[in-house]
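Notes follow the structure.
Nothing in this text is a laboratory measurement; each read-out follows from the coordinates by a stated rule. Since this is a predicted model, take the numbers as computed values, not measurements. All Cβ positions, even for glycine, are placed from backbone atoms using ideal geometry, and neighbour counts span all protein chains on display.
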Ligand SMILES: Nc1ncnc2c1ncn2[C@@H]1O[C@H](COP(=O)(O)OP(=O)(O)O)[C@@H](O)[C@H]1O
Ligand SMILES: Cc1ncc(COP(=O)(O)O)c(N)n1
């Protein structure tokens, strides 16, 4: 069985972070492992408190995983502090980790800041150059590219700039635009759109986490990056389309929806 490691924060309400990653990887037929960067006391209305792991303890979790069950892919989500980012980057370099997907989580859907301001630079310098693909949403891409993104053309320019600056592929997610759910993919000097049908579901807590861990799962299974992204888009559409409605705020998605076609055959 193929394996994947999520290095991310825990979300007590189960919709985002480590919990979303475990559900997504499992549903995508991959054995999931974790290294927890922080605990959050969080629900669908917001983040109430954050308790970071110490850098030493985070390093020990990563060692424990790599020395025993070497992951076929690694997804990195919320890492709030520079010291934690540095430990992750060092370990991934030392172990020569494969298929690294970086979701540069900065602000939760509810508006809470999940990455300290001074840590943005560390993330850019230390983690992005290790990534096979980075998956910013529009506000995150504005920070990484230093450009305002107001139009489709701005999305193309920002994705190209991020890719060329950090030497990785970029999937710039359009979930925050009004009319569609089209994401722009740029790699090796070429770009194209991954089109998604916008689903009228206000419950989008954990969409970014889910998409990035679905991409990591597909890379772990041996799919090339563009196909891994396409399948991850199909997965997120299924999870949003299952129309779960829980909690008082932006609720989580349903992962145990009926998988069809290719997916169903693989995970059975
Ligand atoms: N209402 C929606 N309908 C369909 N796809 C969506 C919707 N909202 C977000 N997505 C998709 O979910 C993925 C995560 O996007 P986004 O919500 O922008 O990320 P984040 O959670 O990091 O802000 C993207 O592929 C995006 O296109
Ligand atoms: C622990 C943790 N990690 C990440 C997110 C971002 O969630 P989203 O995918 O909705 O942007 C979150 N709210 N909590």
### Query
Label-point separation (nm) for residue 113 and residue 95, each offset 7 Å from Cα along Cα-to-Cβ?
3.1
## Note on the structure
Counting every C-alpha pair in the chain, the percent lying more than 30 Å apart is 20
#### Entry: the chain: most fluctuating residue of 233, 164, 173 per GNM, C-alpha cutoff 10 Å
164
### Query
Rounded to a whole number, what is D in µm²/s for segment 204-264 from Stokes-Einstein with the Kirkwood radius over alpha-carbon pairs (20 °C, 1.002 mPa s)?
178
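Kindly rank 214-226, 197-209, 247-259 from highest to lowest mean number of other beta carbons found within 10 Å of each residue. Don't skip to the end; give the middle numbers.
Working: 214-226: 22.6, 197-209: 19.4, 247-259: 17.5.
Peptide ranking by packing, descending: 214-226, 197-209, 247-259.
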### Task
Could you pull the Rg and Dmax for segment 1-56, using just the Cα atoms, both in Å?
12.0, 37
### Summary
Between the modelled labels at residue 258 and residue 67 (7 Å from Cα along Cα→Cβ) the distance in nm is 4.7
### Query
How high is the FRET efficiency between residue 195 and residue 56 when r is their beta carbon distance and R₀ equals 51 Å, given to the nearest 0.05?
0.70
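Rule-of-thumb check for segment 80-170: C-alpha Rg over 2.2 N^0.38 Å? Before the final figure, lay out each step's value.
On the way: Rg = 13.1 Å, N = 91, 2.2 N^0.38 = 12.2 Å.
For segment 80-170, the normalised Cα radius of gyration comes out at 1.07.
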### Query
Based on the mean of other beta carbon atoms within 10 Å per residue, what is the order of 2-10, 237-245, most packed first?
2-10, 237-245
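Helix-only estimate, please: 222 nm mean residue ellipticity of the chain, summing -39500 (n - 2.57) across DSSP H runs of length 4 or more and dividing by its residues, to the nearest 500.
Only helices count here, giving -11500 deg cm²/dmol.
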### Task
Between residue 266 and residue 230, with labels modelled 7 Å along Cα→Cβ, what's the label distance in nm to one decimal, could you check?
1.2
